Structure formats: structure tokens, C-alpha cells
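S.K.: My questions all concern the structure below.
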Amino acid sequence: MKNLIYFSIAFLVLLIGTLTLIFKIFQTEDKLAFDDEQIGLKDQVVIRFSHVVAENTPKGLAVQYFADLVSEKTDTKVKVEIFANGSLYENDEEALDALKRGKIQMIAPATSKLTTSFPEWQLVDLPFVFPSYEAANEAFNGDIGLYLFSLLESDHLKGLSFWSNGFKQITSNIGPIQSPKDLSGQHFRIMPSELIEKQYSLLDVNPSKIPFNLTYQSLEDHIVDGTENTLSNIYSKKFYRVQNHLTISNHGFLGYIVLMNNDYWNQLPPDIQQVVIESMAEASEMIQKKSIELNLQSFENIKKDSDIEIYELKEKEKKQWVEELQPVYELYESEFDNDLIDELHKIQEKYEEE
Ligand code: LMR
């Protein structure tokens, strides 16, 4: 009997000891798991922003600037996570689809990439559409911008801003290209816009819609002879290294539309919406200045880094290009709202006189 009592006491002591030990271990693990940064992360709003260009381009820098401002103004509560160079979605079409499905929250495609869904955005693709950066800004700060932005709502898209990259130039392996007839018989990479396609067909060029990040390879492998783009894109993506001729033609304009998914926008708290609006306004102002500077800088870098033959169109030659491309206006003007095209002509006249 005595033995049984001793045994029971010993068992109880052992049980209590074991339970105390287990309890202590759990307490320690709880302490180790506590991390105030983790608690912060749970409350953090993450905006995933995907784009296809390099970081050192007007768009790349503006996205970074926007992200920094948002983080600063929200005391890091909102983080804009950037995926540059098509690292998350290879091309703008995939990114637009992902935005609509809520997989990412922001994109800034070239306006031409929206033209399949919104044909009126082809207005920006018209040849020699804006005589200057100021003309583009005036168009987008006025009725043209208002109208084009309003179209986006039907597809649950929130247009936050129009950003300029700048003027498109021509590069090719077959050249020099001085007059439009020099392009005859060539094969060109273009962005997906029916208007751009028609424009090149008119010049007897075979146009192929190839994603931006496959362009370098297509040029290097001679799948296409040439392409058009801004100097900052030609430089940052090294197109100039696989092309023999560069013509400074300023024949088209490359602009971007910064987009959010409308449902995502609507569920953001008003204070965060306000920060996004303010930061976007500052980033838009920044890109306006930076794009001019970067395109000039890229031109200098291309001259320094390569033997590419450069030809700058003279004023008289430019007139010839304008005339040759006039039929594009005749083909498309009836597709745009009359007031829109009247407004565009007013802006063109105003800035061409300057
Ligand atoms: C292109 O496809 O050439 C452009 O859209 C790239 C860019 O600047 O976004």
C-alpha cells in the first residue's frame, strides 16, 4: 500500500513537471513568434504595378517615383511593388488581362495597346499627331483627355493619368531612310494598333505586331528589318546595337495611360485614394520633365556607343512625310467623334505655328 502511495506521488510530481515544461516551451515559442514587423505587414496595402520597360526610362523612373511618394506619404502603410521589364507579365496585353482579373493593381501601357478595346484611343497613333510635348499635354488636360478617359469606365478601368514618353523615331537595317519610299518592301515591328498597321501598309511596309520585349531578338535574328520607338526605348533596350540606321523623324507620339482596376480603386479607403491622386500628380509632373531629358540623353549615348548611321529629317523632308501619311487621317477621321478631331486640329494648328 505504502508503495502504491509513493508511486502515485512520484507519478503526480512527474506529470506536473512535464506539464510545466510543455507550458514553458509554448510560452517561449509564442515570444519568438512575436514580431511587430509581421503585425505591420498584415495591415500593409500592397499595390502591384507591372510594366514592360527598363527602370532607366521615363516610365520606369516615374513608376519608382510614384512608389516612393506613396510609401513616404503613408508612412510605409501602402507599398507599391514594381515589376519592371515585363518580369511578372511578359507583355502589356497579359498585364491588362491580369489587372482586370485583380491579379495586379496598376499598369501603364502605351496608349496603342488599348486600341483593340477602345478604337478611339487610336487618335494618339495618328502620324505627326502632336507637334510638341506641350500639345500632347494640352490635349490630355482638356476635352480630348476627358473624353478618352471616360471610355475606360465601360471596361471597369480607372484612368489615373496620361504620361508622355515622347516622339517615335525609325530604325532599320536597310537604309538610309530619308523619304517614305525608302521604307518600301521592308518588314517592321509595330505595336498592336490597326491605325499604325494601316500607316505602314500605306508606305508598302509589312507590319508585324510583336511584343516589346521580343523586339530586340526579332531585330537581331532579322525576322524584321526595323521598327519605330522613342530614343529612350531604343537605347535602354539596345535596339541600336542590332540596327544600322536611325532616322530622327518624330513622326509619331508615344504616350502611356496609367490604369487601376476600378473595383480595386473603389474599395480603397478615401485617405489612400487621396495619397494615390497626389502622388500620381507629382509623378506626372516629374515624367513630363524627365522624358525630354532622357530622350536627349539617350540620343547622346547612342551616338557615343555605336556606329549607327543617323539621319535627321530636314523640315522640307518632314513635309513630304506629312503629305504621304495624310491618307491615314482621311481613313480614320470619320471613326473619331467630330468634336474630338476638331479639337485636335485646333491644338495642332496652335503648336505648329510656334
Ligand atoms: C512598345 O511596345 O514599343 C512600347 O509600348 C513600350 C513602352 O514604352 O511601354
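S.K.: Give me the extension gain from E194 to E353: residue separation times 0.36 nm, minus the current Cα-Cα distance, reported in nm with one decimal.
M.R.: Contour length minus the Cα-Cα distance gives 54.2 nm.
S.K.: Same structure again: Using only Cα atoms, tell me the angle between helix 58-73 and the longest principal axis of the chain; keep it within 0 to 90° and round to the nearest 10.
M.R.: Between the helix axis and the principal axis of the chain, the angle is about 40 degrees.
S.K.: Any aspartates and glutamates with Cα under 14 Å of the K289 Cα? List them, leaving off those in the same chain fewer than 8 positions away.
M.R.: Qualifying aspartates and glutamates at Cα under 14 Å: E134.
S.K.: What distance in nm separates the simple spin-label points at A281 and R241, each placed 7 Å from Cα in the Cβ direction?
M.R.: Roughly 4.2 nm, to one decimal.
S.K.: Around L88, with a cut-off of 10 angstrom between Cβ atoms, what is the net charge of the other residues, counting Lys and Arg +1 and Asp and Glu -1?
M.R.: So the surrounding residues net to -1.
S.K.: Follow-up. How are the C-alpha pair distances of segment 38-130 spread across 10 Å bins, as whole percents from the shortest bin up?
M.R.: 16, 38, 33, 11, 2, 0
S.K.: Residue separation times 0.36 nm, minus the C-alpha to C-alpha distance between E72 and D263: what's the value?
M.R.: Extra length from E72 to D263 when fully extended: 66.3 nm.
S.K.: Okay, next question. May I ask for the distance between the Cα centers of segment 73-142 and segment 250-299, given as a whole number of Å?
M.R.: Centre-to-centre distance over Cα atoms comes out at 9 Å.
S.K.: In nm, to one decimal, how far is the E300 label point from the E55 one, both placed 7 Å along Cα→Cβ?
M.R.: Using points 7 Å along Cα→Cβ, the separation is 2.2 nm.
S.K.: Order the peptides 123-133, 87-97, 333-343 from the highest to the lowest mean number of other Cβ atoms within 10 Å of their residues.
M.R.: Ranked from most to least packed, the peptides come out as 123-133, 87-97, 333-343.
S.K.: Would you mind computing the Rg to Rh ratio of segment 24-352 from its alpha-carbon coordinates, Kirkwood style for Rh?
M.R.: 1.03
S.K.: Relative contact order for the chain: what is it in percent, counting Cα pairs under 8 Å that are at least 6 residues apart?
M.R.: Reported relative contact order: 23 percent.
S.K.: Under a crude label model (7 Å from the Cα following the beta-carbon direction), how far is V46 from I223 in nanometres?
M.R.: According to this spin-label approximation, the distance is 3.3 nm.
S.K.: A further question on this structure: Setting aside same-chain residues fewer than 8 positions from K318, which lysines have a Cα under 16 Å from its Cα?
M.R.: K318 reaches K168, K181.
S.K.: Please compute, for the alpha-carbon atoms of segment 205-354, the extent along each of the three principal axes and give them in descending order in Å.
M.R.: 53, 38, 32
S.K.: Report the relative contact order of segment 102-168, percent, no decimals, based on alpha-carbon pairs under 8 angstrom and at least 6 residues apart.
M.R.: 23 percent
Taken together, the values in this text are just the output of simple stated rules run on the coordinates, not laboratory data. Predicted, not measured: the structure shown is a model, and the values here were computed from it. Here the Cβ is made from the backbone with ideal geometry for all residues, glycine too, and neighbour counts use every protein chain on show.
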